[in-house]
Each structure stands twice: as C-alpha cells, then as structure tokens.
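Structure record follows, encoded as structure tokens.
Each value in this text was obtained by applying a stated rule to the coordinates, not by laboratory testing. Bear in mind the structure is a predicted one, so any value in this text is a computation, not a measurement. Every residue, glycine among them, receives a Cβ derived from its backbone with ideal geometry; neighbour counts consider all protein chains shown.
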Amino acid sequence: MPAETLTFRTLNGSAIESRPITLRAVVIAVWTSRDPSGRDLRVAEMEAVGIQRPSRTPQFRRVSTHRLTTADVIEVVGGESSGEVEVVLVRDGRGLWVGVGSDHTDRRIERTEPHVAKQMCDKPIAPDLWAFDDVADHWDTLVLRSWIAEHGETRLYQEGTVAAILPPADLMRAFADREDLPDGTALYCGTFAAIGGIRPSSRFSFELFDPRRERRIAHAYDVVALPAGA
C-alpha cells in the first residue's frame, strides 16, 4: 500500500518531539456539520457554486497519501480551487493526535465529480500535532480560523469552534465502525461555511487555537495556478 512519511513535531503534555509519521490512508470527511442549521448553511454555500446537495451525511472520500503535504506552496490547475480549514486526526502507533489542515479542492471539478475533485489538489497540513488526550476534555472550545489574500489585504475567511462539527468519536465510528482510527490514518474532519462565500485566493492561512491552554497550531501556503491548457 502506498505511504507518505512526513516529519511532525508532536506535543504530548510537556514532551515535545520531532519525528517521522508514516500515513497509509488520507481520508476527507465531508458534510460533517453537527446541527441542522450549520448543515443547511453549508449545503446552501456549496449549491451557490454549483455543487449538488448530498444524499446522506457524513461522507468519506479517500485521496492519495502523496497529496498530504507540509509544504508552504502548492500548485493547482486553473483558478477555481480554494482551501478550507479543518481539524485533522492522525493515528500512529503511539496514539491519536490532533492537527489542522486545509482541504484544498478544485471547485470546477467538484460540481460534477466531487470524489475526483478531492484528488486534484494537495492537502496541506501544519507540521505540529497535539496529543488528543490533551484536548479531549475541552474539545468543543477549540477554535478554527482561516484567512485569504484578497484585494491586497489579508481577510478573515472562516472562524468558529469545532462544536459546529461532528465530534471525533462520531466521525471515527462512522468511518471505521469504532471510536478510533486504523494506524497510519489521517482524517480531515470537515469544516463550516466561509465568510462571504467560497472563493479562490493566492494565499491561504489557517490555525487551530486552544483557548484553555492558550496555544495554537498555524500554517500557511501560497497557491500557484498552472495554465489550464496550452
């Protein structure tokens, strides 16, 4: 089975360690809003850019492990892709970890072939992970934010707590039929609506903030659009 090994800095309690983690499966959870109002808002947002409403929720889409990257630049085809901030759960032989990433997606392809669209773009992830047990007791207070470059300014694009998204146990049970993940799995947990609607940007910045411990994981990347044709 193809695998991708990335170096992460893991924080478990007060212990910080830089080490490689090998991922054998990268899974994107979609339509993961916890409450009906959030789900309806997300559906309306996606329909506004031509993406059909789902037949069931949540759904899970596998992408190549080689799409996972901690790089600060990605290349895409054309100008209709965009990022969205998501909690990422990572399971390895030493435990369950929490990180933050961007499910960068080709929106043009997503209108007709949503599964293919997920495979079209790299999936950035910040190179830092927290032990899940360190945040489990205050999970719903964690805050996700993202920013885009627009009209020469950095603008807030998304902001909200993970309380808007299905809890990790529910997502893992729906995907793996147990409240855990298989070893070597990275699960992107879904997102919420963008402020002002979905739109592309040449730069995408994002963070996961823990107000209880007053710490954050942050990352950013530039988006280079390749010509769509000769």
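Over 29 Å apart: what share of the alpha carbon pairs of region 4-225 falls there, rounded to a whole percent?
In whole percent, the share of Cα-Cα pairs in region 4-225 beyond 29 Å is 18.
For the chain, calculate the relative contact order in percent as a whole number, restricting contacts to Cα pairs under 8 Å that are 6 or more residues apart.
Computed value for the chain: 27 percent relative contact order.
Quick one: Debye curve from the C-alpha atoms of region 61-105, no solvent, what's log10 I(q)/I(0) at q = 0.15, 0.16, 0.20 Å⁻¹?
-0.48, -0.54, -0.81
Using label points projected 7 Å from each Cα along Cα→Cβ, tell me how many nm separate ALA228 and GLU113, to one decimal.
So the label points at ALA228 and GLU113 sit 1.5 nm apart.
Would you mind checking the tilt of helix 36-48 against the longest principal axis of the Cα atoms of the chain, expressed as 0 to 90 degrees and rounded to 10?
So the inclination is approximately 40 degrees.
Each label point is 7 Å from the Cα along the Cα-to-Cβ direction; what then is the distance between the points at ALA15 and ARG56, in nm?
Calculated label separation equals 4.0 nm.
Given points 7 Å out from each Cα along the Cα-Cβ axis, report the ALA136 to ASP170 separation in nanometres with one decimal.
My value for the distance between the label points is 1.9 nm.
For region 101-185, taking Cα atoms only, what is the radius of gyration to one decimal and the Dmax to the nearest whole Å?
According to the Cα coordinates of region 101-185, Rg and Dmax are 15.8, 46 Å.
Using the Cα centre of the chain as the reference point, and only Cβ charges (+1 on K/R, -1 on D/E), how large is the resulting charge dipole? Debye, rounded to the nearest 20.
Its charge dipole is roughly 340 debye.
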